[in-house]
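> Sending over a structure as structure tokens; questions will come in a sec.
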Amino acid sequence: MDEIEPPKLSDEYHWYAEHTVLLYSTLKWSLLGACSGICVGLGARAFLLALRWSTHSASSLLPGWFPYYYFLPVALPVCVWLIRTFAPTAKGHGTEAVIAAVHENYGRVEWRVAPVKLAATVLTLAFGGSVGKEGPCAQIGAAISSLFADVLKLNNDDRRRLVICGIGAGFAAVFGTPVAGAIFGIEVLYLGRIEYPVLFPCLIAGISAHLVCGTVAPAPYVNEPATFGHIGQPMLALLAVGFGALCGFVALFLIETMRRAQHLLRPTSKHPYIVAVCGGLALAAIFRLTGTSSAGLGLVGINHALAGVAPLFALAFVMKIITTSLTLETGGSGGIVTPLFYIGAAFGASFAHAFHLPVGLFAAFGYIAVAAAATNTPIAFSVMAMSILPTATGVYAALCACTAYLLVGHRSVYASQKLGMVKSSGLTADVSVSVGDVDSGTIKVRKGTGAARLVRLAQRRPRMFRRCKK
């Protein structure tokens, strides 16, 4: 009987060559990721300090009888002038432009975007514009990373990776969640696809940016022992799925509202300054009539909803959708994720009050789920839920996030996001298009499935009703 030889490597030289390359690549991207994260962390820190100073100055230097948001009809046209004059790609909510640059131009972003985006966003938020702070940090991070790639004369593929690191580092720095920020950077580019080759440098960049910026992760006031109240965990799982579906529809309402506003304002694109003045007047009127809860970042409203105290009025989330759409589409500059947190937390608080459920718990669910659905990044926000919420609460918040992600459909607040998959085996689509180009003809029902029969039945019902009327 012949002896069986132990398995051997077919090519010992190749084995050493492979791991030599892997070691070199690991060291290279450790250094590049750390340098990118440090630069982005410093940029984010400067942005947050400028934002804190400007917000304090706007509220303290003005007389009490003259609200700060009365300056919006002036602030928004100034933002439009800054962006149109110095960096047109800084328009909008930041992350959108960076995603487009990664897909279309290997992540090449002009260095001028960083200071222009910082100034325009600080100006918008200082006088009450309803935007967030992660978009500017992502765009500032991408601009710094692109400049860093120019200095080092990196090739296009390495530039693209480094700019993705800048996106993740910006998110990690501003929210104080390095792991969730890194995953956001590699998940937000595609609907249903993750850029795994960039995971390691993105983590390095996110951790470095977090340490340099020094932002502490938001800690929602959800009291673990009293969180679930009288609700058992099996029932809570069912409620999480049902509430997650509603959060998906809330995210869809926001996306369609923003698209509709963009469509309605398209004929006025030749008069951006007039549009900005009108947008500022409309926002000032809304804040005068309904209060300033939905103005600026809305952090006070978010904290109150998560704490379950001083509840917002029932349709506060609708008001935030309107003010955010108005601000961004009429010339304001800023991010979209912080408004998503407000919308989700306010909707969760309203839902809990209506059905006598724990307010802080469902506000936390909405806080995570609406953002996950609107950005199509359920993994990143599930990780964030585990980071900032008590363990059991984070598990059910992640369940909410994944349900909302499915129910929002093939839509996103980031129109440049590429369609990487369809969300159901009962659907087919061309996965090479951008999410902003998805229409009724792009997503089709797969023939021969149970879903197809259900759709045919639903389409047949109106005809039956018409026959009955005859």
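> Looking only at segment 254-282, count every residue that is surrounded by 17 or more Cβ atoms within 10 Å (Cβ to Cβ) and either within 21 Å of Phe347 (Cα to Cα) or in contact with a His (Cβ under 8 Å, 6 or more places away or on another chain) (or both) and tell me the total.
Number satisfying all stated conditions: 4.
> Taking Thr338 as the residue in question, decide whether it is crowded, with 24+ Cβ neighbours inside 10 Å, under 30 Å from Thr85 (Cα atoms) and touching a residue at least 24 places away in the same chain (Cβ under 8 Å).
In short, yes.
> If you check Pro197 against the conditions, is it assigned to a helix (DSSP H, G or I), touching a Lys or Arg at 6+ places or on another chain (Cβ under 9 Å) and surrounded by fewer than 18 Cβ atoms within 10 Å (Cβ to Cβ)?
yes
> Test each condition in (1) at pLDDT 90 or above; (2) touching a Phe, Trp or Tyr at 6+ places or on another chain (Cβ under 8 Å); (3) more than 26 Å from Gly242 (Cβ to Cβ) for Cys278 and report the one that comes out false.
Going through the list (1) at pLDDT 90 or above; (2) touching a Phe, Trp or Tyr at 6+ places or on another chain (Cβ under 8 Å); (3) more than 26 Å from Gly242 (Cβ to Cβ), Cys278 breaks only (2).
> Name the residue that is modelled with the lowest pLDDT, counting only residues in segment 197-226 that are within 23 Å of Ala369 (Cβ to Cβ) and touching a Ser or Thr at 6+ places or on another chain (Cβ under 6 Å).
Val222
> Could you check, for segment 305-313, whether at least one of its residues is in contact with a helix residue (DSSP H, G or I) (Cβ under 9 Å, 6 or more places away or on another chain), buried (at least 22 other Cβ atoms within 10 Å of the Cβ) and under 24 Å from Phe184 (Cβ atoms)?
Within segment 305-313, one or more residues are in contact with a helix residue (DSSP H, G or I) (Cβ under 9 Å, 6 or more places away or on another chain), buried (at least 22 other Cβ atoms within 10 Å of the Cβ) and under 24 Å from Phe184 (Cβ atoms).
> Out of the residues in segment 402-442 that are farther than 19 Å from Ala371 by Cα and of a type in the set (D, E, K, R), state the one that is modelled with the highest pLDDT.
Looking at the filtered set, the residue picked out is Asp437.
> Does segment 288-295 contain any residue that is part of a helix (DSSP H, G or I) and not hydroxyl-bearing (Ser, Thr, Tyr)?
yes
The values are calculated or read from the model by the stated rules, or taken from the named source; none is laboratory data. Not measured: the values here are computed from a predicted model. No Cβ is skipped: glycine too gets one built from the backbone with ideal geometry, and neighbour counts run over all protein chains shown.
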